[in-house]
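Chemist: Got a structure for you, questions after.
The values are calculated or read from the model by the stated rules, or taken from the named source; none is laboratory data. Owing to the predicted nature of the structure, the values given are computational and were not obtained by experimental measurement. Methodologically, a virtual Cβ is constructed for each residue, glycine included, from the backbone with ideal geometry; neighbour enumeration extends over all protein chains shown. Surface accessibility is based on the protein's heavy atoms, side chains included, excluding ligands, DNA and RNA. Shrake-Rupley method; radii C 1.70, N 1.55, O 1.52, S 1.80 Å.
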Amino acid sequence: MNSSQPIGMFDSGVGGLTVAAAIRQILPNEQIIYFGDTAHLPYGDKSSESIVYYSRKISDFLLEKNSKVILIACNTASAAAYEQIKDYVGDKALVINVIDPVVEHIAEFYPGTKTAVIGTKGTINSGTYQARLREKDPDCQVVSLATPMFVPMIEEGFIFDDISNAIIRSYLSKPELKNIETLILGCTHYPIIKNQIRKFFNFGVEVIDSASIVAGHLHNVLSEKKLLNPQKGNENQFYVSDHTDYFEKIARIFFEDKINLILSDIWK
Ligand code: DGL
């Protein structure tokens, strides 16, 4: 591995672009190769066997692009496939997931708090966040809630309106989330509605999203391994496994910039 190689990252679709946007800010020299598996979106309802299969194939693609890192920029895939991908990739690249950096952040800055995690059914039912939080911070009280409507809601552009407010209210007023002190947005789509969520709790709950925490963690890992690119890398590349004008349009909302999606044929 050497410092000029790109950062490979993937998500089920465009949600992981929230993480890509944070990496671009914190690590502007790094070239990003992004893969959004839009042909198989959503991962939240898929079996772990399918997610492991997709993740392996996408990792092959990112390794062919010479990536020094495979960043699983999807909570559902991080919960279902991290260990398998780490074994599969071996020493060809560093493998990073989006769950562990957030858990470490909570254990360091909010120990012993009543912490809730929300995410897709796949992420919540896997119990990964809950187990890792209890492991790192035995004093914290962990509660969880699957909020599967948030992904289609955001993807359909219901972000700042009556519909999104009603769905946010309906989920977040569930008894499970009563008296929480910290809330983990355990899905890479959710930073898009972070402000509305903070507002729902009258700004009295610490709402944590993975984007900047994961980008900061990536910075530390690259720096420790002497793999930070000292000069500006090549242009970022964004691949999708199914291309529509619609994905192109919402990708801009997630990446907060103009973006050109390239259709990949890995599933053909
Ligand atoms: N972005 C995925 C995650 O972080 C959720 C979207 C999906 O269900 O595919 O879990």
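Chemist: Where does helix 17-26 land angle-wise versus the long Cα axis of the chain, in degrees 0 to 90, nearest 10?
Modeler: With rounding to tens, the tilt is 70 degrees.
Chemist: Taking the Cα atoms only, what angle lies between the long axis of helix 162-172 and the longest principal axis of the chain, rounded to 10 degrees?
Modeler: 70
Chemist: Have a look at N75, G157, V143 and report the one farthest towards the positive end of the charge dipole of the chain, computed about the Cα centre with Cβ charges (Lys/Arg +1, Asp/Glu -1).
Modeler: Working it through, the farthest residue towards the positive pole turns out to be V143.
Chemist: With a 1.4 Å probe and every protein chain left in place, work out the accessible area per residue of region 1-94 in Å², rounded to a whole number.
Modeler: I get 34 Å² per residue for this part.
Chemist: Per DSSP H run of n ≥ 4, the term is -39500 (n - 2.57); total these for the chain, divide by its residue number, and report the mean residue ellipticity at 222 nm rounded to 500 deg cm²/dmol.
Modeler: When only DSSP H runs of four or more count, the value is -13000 deg cm²/dmol.
Chemist: Would you mind checking the tilt of helix 210-224 against the longest principal axis of the Cα atoms of the chain, expressed as 0 to 90 degrees and rounded to 10?
Modeler: The angle comes out at about 40 degrees.
Chemist: Moving to a separate point now. With charges only on Cβ, +1 for K and R and -1 for D and E, what is the dipole size of the chain about its Cα centre, in debye, rounded to 20?
Modeler: For this selection, approximately 200 debye.
Chemist: Summarise the accessible area of the chain (1.4 Å probe, protein heavy atoms) by the percent that is carbon and sulfur.
Modeler: Accessible surface attributable to carbon and sulfur in the chain totals 47 percent.
Chemist: Sort 38-47, 199-208, 92-101, 7-16 by packing, meaning the average of other beta carbons within 10 Å per residue, with the highest value first.
Modeler: The packing order, highest mean first, is 7-16, 92-101, 38-47, 199-208.
Chemist: What does the accessible area per residue of region 139-179 come to in Å², with a 1.4 Å probe and no ligands, DNA or RNA counted?
Modeler: For region 139-179, the per-residue accessible area is 56 Å².
Chemist: With a point put 7 Å past each Cα toward its Cβ, work out how far E135 is from E235 in nm, to one decimal.
Modeler: Simple spin-label model gives 4.1 nm for this pair.
Chemist: Moving to a separate point now. If we count every other residue with Cβ under 10 angstrom of I180's Cβ, Lys/Arg +1 and Asp/Glu -1, where does the sum land?
Modeler: -1
Chemist: Could you grab the relative contact order for region 41-165? Cα pairs under 8 Å, six or more apart, rounded to a whole percent.
Modeler: 23
Chemist: So, counting K/R as plus one and D/E as minus one, what does the shell of residues with Cβ under 12 Å around H217 add up to?
Modeler: Result for the local shell: -4.
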